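Have a look at the structure below, then the notes.
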Amino acid sequence: MSRRELPCTLPLLLALGLLLAAGPARCARPAAENSQNSPAEVPGALPAEPLRAGEGLALTLADGRIQGFGDIQRVAPMGSLAKLLWLRLEGDAWMNQGMEFQCRGLWRGFHCWKRDGHGAVDLAKALQQSCNLAFLAWAEESLQRDRRQFGEDLTRARLEAVFQPFWGDRVRPEAPLPMLGPAWVGDGDLLQTSPEAFLRWLLAPAQAQLLAQARRLLIPSHVPERRWWMKTGTAPTRHRGSTCAWVAGSDGTRTAVLHLPTGRGKAEGLARFHQLLGIPGPEVP
Ligand SMILES: [Zn+2]
């Protein structure tokens, strides 16, 4: 429903007055204000142009409110955004240990999406180029460390604290965890989210350190003037062989999550993110 169609009646105004008098609700999570596909008419306001069918963009406004455009509640496999979950869980440890990995395209029977491999990667390069195998190898090390130090139950609890919102009921509390494999880094439909849900997760205070790390790792040191970090990802869709695209990013003030529907890839996602947020570019890798 557009704003023009909102009924403007006396009871509504009275209810609004009562709500304002009561102050902000602390328990209820307000729904994102959804402006459908209409860009704001104020110059410089976002998104810079209308969304297309199937696209969903959730973003924070300057005052911190969340605003949504298009299909912001459509849940889909999250693709490489899953690497941000690992960064949230292990980013500190992996940065302190100076993790390195040699990606030759194959590790323990798993293939990297880049057939010939990414070569030598550190955490920044693995995140920027989305090397699945580096993340899996490092995750395996971390899980072994946790199991040795804390045992199975605490290891699982630690994983659940970050991953449960994204695997939902695909992992039952009483069932064993799925084996570590590509699904844990976003290849498959184990981990899913929507633009609005992922934006809300990114904005939670618990993710403050993750946002700082993403900024450090995803903005190349040779372009320090770049304001936005962006994490792209592609994910499978129900249409066999087809993918959709995700982009999450922040300039330190505003944070946004964009999902593009079936048939759109990483490069299109990045270009569209630039376009909708009015960022010069795109700097397609
Ligand atoms: Zn790789």
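Every read-out reported here was derived from the displayed coordinates using simple, explicitly stated rules and does not represent laboratory data. No experiment lies behind these values; they were computed from the predicted model shown.
Taking every DSSP beta bridge that has both residues in segment 171-285, what percent is antiparallel when rounded to the nearest 5? Roughly 100 percent of the DSSP beta bridges within segment 171-285 come out antiparallel.
Contact order for segment 83-187, expressed relative to its length and based on alpha carbon pairs under 8 Å spaced 6+ residues apart, stands at 27 percent.
Relative to its residue count, segment 82-190 spans a Cα convex hull of 99 Å³ per residue. Taking the centroid of alpha carbons for each part, segment 211-285 and segment 94-144 are 20 Å apart.
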